[in-house]
Each structure stands twice: as structure tokens, then as C-alpha cells.
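Below: one structure, written as C-alpha cells.
Just so it is clear, none of the values below were taken in a lab; they were calculated from the coordinates. Computed from a predicted structure; not experimentally measured. Cβ sites come from the backbone with ideal geometry, for glycine too, and all protein chains shown count toward neighbours.
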Amino acid sequence: MSETRLRVPGMGCEGCEATVAGALAPLAGVTAVTVDLEEKLVLVEHDPGRTSVEGLRSAVEDQGYEVTGWDPR
């Protein structure tokens, strides 16, 4: 498993949190999604063999949010 932190500066409310988490949670290999609205970060635990960082980024951007950075671990 890997953890990837995505910086999503456009998130500002609980609706944003639900939208972003809802886009990521059903992706193959994603086991957990945690959104920190204050820091504008999304932490995703996932299997990189099933969902790439690019796939995570695309899922968020498909919801209308810009991902300005990411940190896979």
C-alpha cells in the first residue's frame, strides 16, 4: 500500500470534501480517503498497482477541482 497526499486548494466546505472523497473512494485499490479542509490536503491510501497517482489526480480534476501538487509515499 502507498499513501499519496494531493494538494487541492479549491476545497472549502463539507460539500467539497464529500465530492472529492466520493470521487476517490470507489477507485480500484483505494482503501481510505481522508480530507483536511483546513490544509487543503487529501490523503489517499491505495495500491499503486491498481490506481496510479495520475488516476487519483484525474478523478479529482474530473470533479472540477485543480490538483496543484502531490506527494506519493
**Message:** Starting from the 7 Å offset along Cα-to-Cβ, what nm value, one decimal, do you get for the label separation of GLU54 and SER2?
**Reply:** 1.2
**Fill in**
Counting only residues 5 or more apart in sequence or on a different chain, those whose built amide H sits under 5 Å from that of GLY10 are GLU66
**Complete:** Longest principal axis of the chain (C-alpha) makes with the long axis of helix 14-24 (C-alpha) an angle, in degrees to the nearest 10, of 20
**Fill in**
The percentage of Cα-Cα pairs in the chain separated by more than 15 Å is 42
**Request:** First select every other residue whose beta carbon is under 11 angstrom from the beta carbon of GLU66; then total the charges, Lys and Arg +1, Asp and Glu -1.
**Result:** +2
**Request:** State, to one decimal in nm, how far the label point of GLU38 lies from the label point of CYS13, with both points 7 Å from Cα in the Cβ direction.
**Result:** 2.1
**Request:** Mind pulling up the Rg/Rh value for the range 33-73? Radius of gyration and Kirkwood radius, both on Cα.
**Result:** 0.94
